[in-house]
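**Student:** Have a look at the structure that comes next, please.
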Amino acid sequence: MTQSYVSRGAIAACAVAFATPSFADITPSDVWGSWQSYLSGFDLDIKATEERSGDDIFITDLSMSFEIPEEDGTITLIFPDMDFVSRGDGTVELKYGADMQFTALIEGEGGPDSQATINVAHTGLSTIASGEPEDITYTYSAASLTYTVGEVLVEGEPLSAIGAQIDGDITVTGMTGLVKIATEGLTSIEQDVRYDGLSYDIRFVAPEDEGSFVTAATIEDLRVQSAFSISQDIDVEDPASIFNEELNIAIEMTQGASETSMSGNDGNGPFSSQSSSSSGAFGMLFNSDVFEASMSSFDASFSVFGEEIPLPISAEIGEASMAFSLPLAESAEPQDFFLDFAFIDLMVPDLLWNIFDPGAALDRGPATVSLGLEGSTKLMMGAFNPEFFESDDVPATLESLTLTDLEVSVAGAELTGAGDFTFDNSDMESFDGFPRPEGAADFRLLGGNQLLDSLNSMGLVSEGDAMGARMMMGLFTVAGPGEDELNSRLEVTGEGHVLANGQRLR
């Protein structure tokens with residue numbers, strides 16, 4: 001369950017591209033022109049003041065504006081000054097001021113403006129551009145970067161005027177990375193960046209005493225790899241035009257140890273939470289063919305307290321993971337999909353156990369829940385087709401389904417299973433509108449009777465309910481060779497018959 005299932009093809013291509021040295025010369029004019037060409041592709045109104053000295057270019061008053069869709073107003077992003085300076089070896093250095101400031105300005109029609117400012121302080125920031133005008137690689141690094149919330153105005157008034165407040169900062173240390181931007185044919189961006197550490201500390205107070213919170217976190221050894229490509233012919237006023245065969249998004253993130261905390265008041269009373277993990281990962285691949293995602297966290301813990309929670313809630317878990325893959329392209333042939341998730345070695349403190357098991361009748365060892373499914377499907381219509389989600393019927397068929405993994409282990413009992421089925425989509429009558437399955441699944445239950453005895457002795461399950469459960473288990477299971485072991489084989493035949501251990505149920 002620890003495997004990342006997201007395709008790494010785009011990421012690998014990104015790494016190969018970065019590893020290949022570039023021998024072409026590039027000038028400050030090439031780099032600045034590439035920026036303008038790239039941003040103009042998104043219909044941004046770009047304004048800047050240029051000064052030139054030989055090959056070098058000095059940019060001031062740089063801003064980018066775009067109209068708010070279906071609204072009366074514009075958003076303007078104001079950037080700090082920067083210099084494009086030739087290094088004399090066919091590469092270009094981007095230089096910034098010691099202190100930088102980014103501002104987002106929202107201008108309404110006939111009303112006061114709103115704005116938010118981010119101040120940036122840096123140590124050892126370096127950005128070098130190399131390559132060719134339509135295929136530029138930026139190599140950058142910094143000992144530290146700190147982003148601090150600056151002035152925030154809402155309709156011309158500071159937040160304090162409405163009884164609100166927001167401040168805080170985000171800091172990254174030990175940053176090294178590469179970004180490759182290509183603008184020939186497609187617009188594509190490939191990135192590989194690493195941080196020794198990332199931390200943030202944010203404070204927020206809502207207006208009219210509606211609540212407040214403080215949140216902080218630290219993350220070690222963070223790495224982000226990504227590849228993004230998009231058509232240059234999209235209509236920014238039509239978001240649906242983005243979803244075409246040229247769109248591709250691939251992301252792979254890994255991190256080391258992390259800690260987060262939050263505390264505050266939600267208007268009903270105080271609350272707090274803490275969490276930590278030894279490592280984690282996230283991945284995603286999205287294009288016209290497939291949507292895949294995976295995420296995982298290891299050696300994690302969390303605790304939550306609130307005014308409306310009668311006692312603190314906490315837990316520890318060895319692994320929490322989830323992954324899935326869904327085909328998106330129209331195809332007359334079956335396409336694979338899968339879903340996996342796992343919560344392994346979940347433990348809660350005795351304080352929570354004692355609420356419903358004060359006599360410690362149940363086994364309090366670590367609990368595990370895991371499920372793995374694989375299958376195939378045919379899509380009669382691609383998911384990027386505007387009519388896909390407007391159809392009354394799901395434009396897809398289920399062709400096969402395999403239970404690759406099932407484990408539920410809790411309170412001393414353990415259920416495991418596996419199975420494999422195919423589906424006849426021409427027969428929608430045998431199972432009331434569902435394609436007729438054919439195949440079998442095998443299950444094993446260990447410690448089931450002992451768990452029922454314990455629940456009965458605790459008063460959580462009545463004698464009658466326990467007897468009914470045993471009768472049901474007797475109908476679907478047979479005794480296994482081990483102590484307190486029950487086995488079951490559930491089968492659906494080609495005639496639509498349902499069998500349990502060879503006995504026909506339907």
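The values are calculated or read from the model by the stated rules, or taken from the named source; none is laboratory data. Keep in mind the model is a prediction, meaning the values are calculated, not measured. In this analysis, Cβ positions are derived from the backbone assuming ideal geometry, glycine residues included, and neighbour counts consider all displayed protein chains. Ligands, DNA and RNA are excluded from the accessible area calculation, which covers all protein heavy atoms including side chains. Shrake-Rupley method; radii C 1.70, N 1.55, O 1.52, S 1.80 Å.
**Student:** Give me the dipole magnitude in Debye, nearest 20, for the chain about the Cα centre, with unit charges on the beta carbon: positive for Lys and Arg, negative for Asp and Glu.
**Tutor:** Using only the charged Cβ atoms, the result is roughly 1800 debye.
**Student:** Hey, another quick one. Which percent of Cα-Cα pairs in the chain sits in each 20 Å bin, short to long?
**Tutor:** Going out from 0 Å in 20 Å bins, the chain shows 15, 41, 32, 11, 0 percent.
**Student:** Further, regarding this structure: Take each of the peptides 144-154, 130-140, 480-490, average the number of other beta-carbon atoms within 10 Å over its residues, and list them starting from the highest.
**Tutor:** With the highest mean Cβ count within 10 Å placed first, the list reads 130-140, 144-154, 480-490.
**Student:** Next question. Of GLY174, ALA206, PHE243, which is farthest along the charge dipole of region 171-305 in the positive direction, counting Lys and Arg as +1 and Asp and Glu as -1 at C-beta?
**Tutor:** Checked the options; the winner is GLY174.
**Student:** Could you tell me how far the Cα centroid of region 445-470 sits from the Cα centroid of region 354-384, in Å?
**Tutor:** 22 Å
**Student:** Among the DSSP beta bridges whose two residues both lie in the chain, what percent are antiparallel, rounded to the nearest 5?
**Tutor:** Of the beta bridges lying entirely in the chain, close to 100 percent run antiparallel.
**Student:** Let me check something: with ligands and nucleic acids excluded, how do VAL290, VAL120 order by accessible area (1.4 Å probe), largest to smallest?
**Tutor:** The most accessible residue leads, giving VAL290, VAL120.
**Student:** Give the long-range amide H neighbours of VAL290: residues separated by 5 or more places, or on another chain, with amide H under 5 Å away, using H modelled in the peptide plane at 1.01 Å from N.
**Tutor:** When sequence neighbours closer than 5 places are left aside, the close amide H contacts are LEU328.
**Student:** Read phi for every residue in region 252-262 and hand back ³J(HN,Hα) as whole Hz from Karplus 6.51 cos²θ - 1.76 cosθ + 1.60, θ = phi - 60°, with x for Gly and Pro.
**Tutor:** 9, 10, 9, 8, x, 5, 9, 9, 9, 8, 8
**Student:** When a/c is below 1.5 the answer is rounded, else prolate if a/b is larger than b/c, else oblate, so apply that to region 91-168 with a ≥ b ≥ c taken from the square roots of the Cα gyration tensor eigenvalues.
**Tutor:** oblate
**Student:** Accessible area per residue of region 114-207 at 1.4 Å probe, in Å²?
**Tutor:** 46 Å²
**Student:** Now for a separate question. Taking +1 at the Cβ of each Lys and Arg and -1 at the Cβ of each Asp and Glu, which of ALA500, GLY482, ALA440 sits farthest along the dipole of region 424-506 towards its positive end, judged by Cα position relative to the Cα centre?
**Tutor:** Of ALA500, GLY482, ALA440, it is GLY482.
**Student:** Using the Karplus curve 6.51 cos²θ - 1.76 cosθ + 1.60 with θ = phi - 60°, what ³J(HN,Hα) values do you get for each residue of region 177-182, in whole Hz, with x for Gly and Pro?
**Tutor:** Coupling constants for region 177-182: x, 9, 10, 10, 10, 10 Hz.
**Student:** For region 159-255, what % of the accessible area comes from carbon and sulfur atoms, probe 1.4 Å?
**Tutor:** 53 percent
**Student:** Which GluC sites (Glu not before Pro) in region 231-338 sit in a loop by DSSP (not H, G, I, E or B) and have at most 15 other Cβ atoms within 10 Å of their own Cβ?
**Tutor:** Sites meeting the loop and neighbour criteria: GLU237, GLU245, GLU307, GLU308.
**Student:** In debye, nearest 20: dipole of region 412-474 around its Cα centre with unit charges on the Cβ of K, R (+) and D, E (-)?
**Tutor:** That gives region 412-474 a dipole magnitude of about 300 debye.
**Student:** I would also like to ask the following. Using alpha carbon centroids, what distance separates region 171-208 and region 257-278, in Å?
**Tutor:** Here the answer is 24 Å between Cα centres.
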